[in-house]
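Inspection log for the structure reproduced underneath, given as structure tokens.
The values are calculated or read from the model by the stated rules, or taken from the named source; none is laboratory data. Bear in mind the structure is a predicted one, so any value in this text is a computation, not a measurement. Note that each Cβ is placed from the backbone with ideal geometry, even for glycine, and that neighbours are counted across all protein chains shown. Surface areas here come from the heavy atoms of the whole protein model, side chains and all, with no ligands, DNA or RNA. Shrake-Rupley method; radii C 1.70, N 1.55, O 1.52, S 1.80 Å.
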Amino acid sequence: MAKQISDAEFSAADGVAEWRALFWGAKTLYETGDFATGAALVAAIAEEADALGHAPLIDLRPDTVTVQVITPGVGLSDLDLELARRVSLVAARLGLRADPAAVQHVQLAFDAADPSAVMPFWRAALGYVAVGPQDLVEPNLIGPTASFAEKQYVPPRNRIHVDVSVPHDQAQARVDAVLAAGGRMLGDTYAPAWWSLIDPEGNVVDIATWQGRDWP
């Protein structure tokens, strides 16, 4: 049985320096240069996953491969840590370079007076499935997730905002870029767990990292 580990434990472990903990697991990206090399990497990862009995989520593109490790219903686990280590070793044998700064996870966040009344609407509209009492996901974990929190509407922010989970070592640069693009800081009390920024018309984005969070 998979044993849950925290984002901090994963990030501090040996052999996963090229991985970044985000919302919904951990990711890395490999620059393959061409589709055939990417396919060879995926095939090699598949062999390791079959041997371990634990599979990752893989996105194969013409010149990159993004790999995500996650244990459904658990989050990050000891199996994810071992799989990430094996993936890194496979990529190293193939001479591939990782670019962990390029990964992120996007989530739609809903502030609702009654989340239980709102979630079914969005579950039907998006064709998503519920994971626990406050999250919706696309059945294959493709596309943004959706999260619902009980929170009253407080102007000037809108009821729906975007969470962008980024590598902890990229967060400040992302915040600076948002500010330079015309945003303003709405709140940084909880940084580096998250910074809230708002655009000129009241739309909010939270730039988030695993650091400073009090959940696994």
I'm trying to understand the selection: among the residues of the range 167-212, which are among the β-branched types (V, I, T), in a helix (DSSP H, G or I) and open to solvent by less than 30 Å² (accessible area, probe 1.4 Å)?
V175
In this structure, does Q107 turn out to be over 25 Å from G38 (Cα atoms) and either loosely packed, with under 14 Cβ neighbours inside 10 Å or in contact (Cβ under 8 Å) with a residue 60 or more places away in the chain (or both)?
yes
What number goes with the only condition from (1) surrounded by fewer than 21 Cβ atoms within 10 Å (Cβ to Cβ); (2) in contact with a strand residue (DSSP E or B) (Cβ under 9 Å, 6 or more places away or on another chain); (3) on the phi > 0 side of the Ramachandran plot that P72 does not pass?
(3)
Taking L136 as the residue in question, decide whether it is within 16 Å of the chain's Cα centre (by Cα), part of a strand (DSSP E or B) and without any contact (Cβ under 8 Å) to a residue 24 or more places away in the chain.
yes
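Per-residue answers, yes or no, for (1) open to solvent by less than 50 Å² (accessible area, probe 1.4 Å); (2) aliphatic (A, V, I, L, M); (3) more than 18 Å from G15 (Cβ to Cβ); (4) over 18 Å from the mean Cα position of the chain (by Cα):
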residue	(1), (2), (3), (4)
L41	yes, yes, no, yes
I45	yes, yes, no, yes
D50	no, no, yes, yes
P56	yes, no, no, no
L60	no, yes, yes, no
L81	yes, yes, no, no
A84	yes, yes, no, no
A101	yes, yes, yes, no
Listed by first then second residue, the pairs whose first member lies in the range 15-35 and is surrounded by fewer than 21 Cβ atoms within 10 Å (Cβ to Cβ), whose partner is in a loop (DSSP other than H, G, I, E, B) and at pLDDT below 95, with beta carbons under 8 Å and at least 6 positions apart or on separate chains, are W24/L141
